[in-house]
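*Asks:* Pasting in a structure now, in structure tokens, and then I'll have a few things to ask.
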Amino acid sequence: MTLDSDPIWTALPIPAFLLDAEDRIAAINPAAELFMNATIKTLREVPVFDRLAVDAALDEAFSRVRSNHAALFINDVAVSAGMRAPVECNIQIAPMNDQAGHVLLLVSPREIAGRLGRAHSVKTAAKSAIGMAEMLAHEIKNPLAGITGAAQLLSMNLRNGDLELTDLIVAESRRIVKLLDQVEQFGNLSPPNCKAVNIHDILDRARKSALVSYAASMTIQEEYDPSLPPTWADADQLMQVFSNLIRNAAQAAGPGGGTIRLRTFYDLSLRLRHPDGSGVPVPLQVEIVDDGPGLPPDIANDVFEPFVSGRENGTGLGLALVSKIINDHGGWIAVDSVPGRTVFRISLPVAPKPQEDET
């Protein structure tokens, strides 16, 4: 069996390179083809460092691996290929004992590792918040209705000067009820009714809705990969996700406006691992990119946690709800933010192929 037909080799979610004794590419897996934006047909027997730039002295590392017949790990190095921007990666080099001089080079982008580590904590936080949301909605809304009613009764026998106090009680009670309505919506979100849907159709609906309302001052650019297959999703819930993220991008830009980019592409390097150990690919990628000031550094790593908000009077439930919906769809969401560029990236599965009727 050759590496190209080895199911373990092809299923590896990170770029893998088999190099010969002269550091020429002998084989690469599908994830490496995506990383290099090239096929094995064009890369076979090409010196690896003609196409892969690594900010580390790998000549010495390869020599040590071959002489010691032991694996070597190098963490936190910048790696780039072709026109690709450098990516922070961890590198593993291991000898191939059954092939003299050959070594295996594994490149693990830190983005993948970070998303894997955050996925479980975000999902657990969302589940905990659901229980708290249901309790809050039940325990607080009923007493608030009594407070509002009592204040309205009191106002019937008060002078104009004192009416301001009862009006304040009623207004603030209604504001809390509105907040609890959002909490209740977060807690009572029904499971997705999934069908095969076109991501671009939903993005277009969200874009048109945004341009006539909260994003009227923004420029929204589309960078779609028209070859993407359908995803398996609830169209209305995905519409809620995209609308929420576009609204956040517009609010970050402020009244002066800015630019939002909606980008889609295919990336086979990411897989969602189930508790039973099985892995499911989530190759359909949607990015919503804005040129605003970026997320506040003190909350940048916690924006998907419930009740974390960077806006004054924000509830902190919008992105938690987005995270819950994406998790319910078997996908991932991540954010990368620096001043002038914030990217929310959603990874979704491909819709299963319809089964043909038996004749």
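The values are calculated or read from the model by the stated rules, or taken from the named source; none is laboratory data. Please read all numbers here as calculations on a predicted model, not as lab measurements. Here Cβ is always computed from backbone atoms with ideal geometry, including for glycine, and neighbour counts include all displayed protein chains.
*Asks:* If I filter segment 48-57 for residues that are assigned by TED's automatic domain parsing to the domain that holds Ile28, more than 32 Å from the chain's Cα centre (by Cα) and among the aliphatic types (A, V, I, L, M), do I get at least one hit?
*Replies:* Looking through segment 48-57, at least one residue is assigned by TED's automatic domain parsing to the domain that holds Ile28, more than 32 Å from the chain's Cα centre (by Cα) and among the aliphatic types (A, V, I, L, M).
Condition check ((1) of a type in the set (Gly, Ala, Ser); (2) in a helix (DSSP H, G or I); (3) surrounded by 13 or more Cβ atoms within 10 Å (Cβ to Cβ); (4) touching a residue at least 12 places away in the same chain (Cβ under 8 Å)) across all residues:
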position	(1), (2), (3), (4)
Leu203	no, yes, yes, yes
Gln221	no, no, no, yes
Pro226	no, no, no, yes
Phe242	no, yes, yes, yes
Ala249	yes, yes, yes, yes
Leu272	no, no, yes, yes
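*Asks:* Is there any pair with a first residue in segment 4-26 that is at positive phi and surrounded by 16 or more Cβ atoms within 10 Å (Cβ to Cβ) and a second that is in a helix (DSSP H, G or I) and of a type in the set (Gly, Ala, Ser) whose Cβ atoms are under 9 Å apart and which are 6 or more apart or on different chains, and what are they?
*Replies:* Here the result reads none, with nothing in segment 4-26 linked to a residue that is in a helix (DSSP H, G or I) and of a type in the set (Gly, Ala, Ser).
*Asks:* Quick test of your reading of the structure: Leu43 fulfils all but one of (1) surrounded by 15 or more Cβ atoms within 10 Å (Cβ to Cβ); (2) at pLDDT 85 or above; (3) closer than 17 Å to Met96 by Cβ. Name the failing condition by number.
*Replies:* Failing condition for Leu43: (3).
*Asks:* So is Ala53 surrounded by fewer than 21 Cβ atoms within 10 Å (Cβ to Cβ), at pLDDT 85 or above, among the aliphatic types (A, V, I, L, M) and touching a Ser or Thr at 6+ places or on another chain (Cβ under 9 Å) or not?
*Replies:* yes
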